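Working notes, structure below.
What follows is calculated from the coordinates using simple rules that are stated; it is not laboratory data. Being a predicted model, the structure only gives us computed values, none of them experimental. Here the Cβ positions follow ideal geometry from the backbone for every residue, glycine too, while neighbour counts run over all protein chains shown.
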Amino acid sequence: MQFKFSLSALITTVVLFIALATLATAGASLGWIRSFLGDVIAVIFVYSAFRVMFDGNRALLAFAAFLLGVIIELGQYLAKITGVEIGNRALRIILGATPDWLDVVAYGIGAALIIACLELRGRLNLAERT
């Protein structure tokens, strides 16, 4: 793993950020679909943000993005059982305030989609070489 700036990953990250912001605002009436899809996209967004600065094992970066989501979910759970509340409204919206195992499932789906895309890309590159 090494530090290396990636312009394409930055562009992807910005596009994913816009998609997440649009889903959070315009998709507010979509209920659980918005939150579940948002969590799937959030892991892909974090992965893409990692890719802006890090080059190396991309499956490891996907796992790190998944793990970050799980850590945030664990933080939500610990905050709930201890009665701690995030005072900043924007931060509370971004990080969430209600722990839910379906969020972890969504993070897993997001990470699996990343891995599947990496695998497909690798196979396509291999097919082009032969």
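Calculate how steeply helix 101-129 sits against the longest principal axis of the alpha-carbon atoms of the chain, using the helix alpha-carbon long axis, and give the answer as 0 to 90 degrees to the nearest 10.
Compared with the principal axis, the helix lies near 10 degrees.
Springs between alpha-carbon atoms under 10 Å, Gaussian network over the chain: tell me which of LEU102, LEU120, LEU37 tops the mean-square fluctuations.
Comparing LEU102, LEU120, LEU37 in the GNM, the peak value goes to LEU120.
For a quick check: sort THR98, THR13, THR82 by the number of other beta carbons within 10 angstrom, fewest at the front.
Going from sparsest to densest Cβ surroundings: THR82, THR98, THR13.
What label, among (i) 58, 31, 25; (ii) 44, 32, 24; (iii) 37, 28, 26, belongs to Cα extents along the principal axes in Å computed from the structure on display?
Step by step, Cα extents along the principal axes in Å for this structure corresponds to label (i).
Find which of GLY38, ILE72, LEU16 sits farthest along the positive direction of the dipole of segment 2-129, computed with +1 on the beta-carbon of Lys and Arg, -1 on that of Asp and Glu, about the Cα centre.
Among GLY38, ILE72, LEU16, the one farthest towards the positive end of the dipole of segment 2-129 is LEU16.
List the equivalent ellipsoid semi-axes of segment 55-116 in whole Å, largest first, each obtained as the square root of 5λ for an eigenvalue λ of the Cα gyration tensor. Working shown, then result.
Values: eigenvalues 131, 28, 18 Å².
Over the Cα atoms of segment 55-116, the ellipsoid semi-axes are 26, 12, 10 Å.
Go ahead and collect, in residue order, the members of segment 1-23 whose backbone nitrogen is under 13 Å from a label point 7 Å along the Cα-Cβ direction of ASN57.
Flagged as within label range: 1-2.
Between segment 58-106 and segment 9-24, how many Å separate their Cα centres?
19 Å
Arrange the following residues from fewest to most other Cβ atoms within 10 Å of their Cβ: ARG121, ARG51. Before the final figure, lay out the partial values.
On the way: ARG121 11, ARG51 22.
The fewest-first ordering by Cβ neighbours comes to ARG121, ARG51.
What dipole magnitude, in Debye to the nearest 20, does the chain give about its Cα centre under +1 on Lys/Arg Cβ and -1 on Asp/Glu Cβ? Please list the in-between numbers first.
Details: 10 positive and 8 negative charges, 56 e Å.
That gives a dipole near 260 debye.
What do you get for the angle between helix 58-82 and the principal long axis of the chain? Use alpha-carbon atoms, 0 to 90 degrees, nearest ten.
Helix 58-82 sits roughly 10 degrees off the main axis of the chain.
Place +1 on the Cβ of every Lys and Arg and -1 on the Cβ of every Asp and Glu in segment 2-129, take the dipole about the Cα centre, and give the residue among ALA26, TRP101, ALA49 whose Cα lies farthest towards its positive end.
Sorting the options by dipole projection puts first ALA49.
Can you tell me how segment 1-66 classifies by the Cα gyration tensor, rounded, prolate or oblate, using a/c under 1.5 as the rounded cut? Kindly include the intermediate steps, with their values, before the conclusion.
Working: a/c = 5.09, a/b = 1.98, b/c = 2.57.
It is oblate, given that a/c is not under 1.5 and a/b is not larger than b/c.
What FRET efficiency, computed as 1/(1 + (r/R0)^6) with R0 = 22 Å and r the Cβ-Cβ distance, is obtained for ALA97 and THR25, rounded to the nearest 0.05?
On the way: r = 18 Å, r/R0 = 0.83.
So, using R0 = 22 Å, E works out to roughly 0.75.
Between helix 7-25 and the chain, what is the angle of the helix's C-alpha long axis to the longest principal axis, kept within 0 to 90° and rounded to the nearest 10?
Roughly 30 degrees, rounded to the nearest 10.
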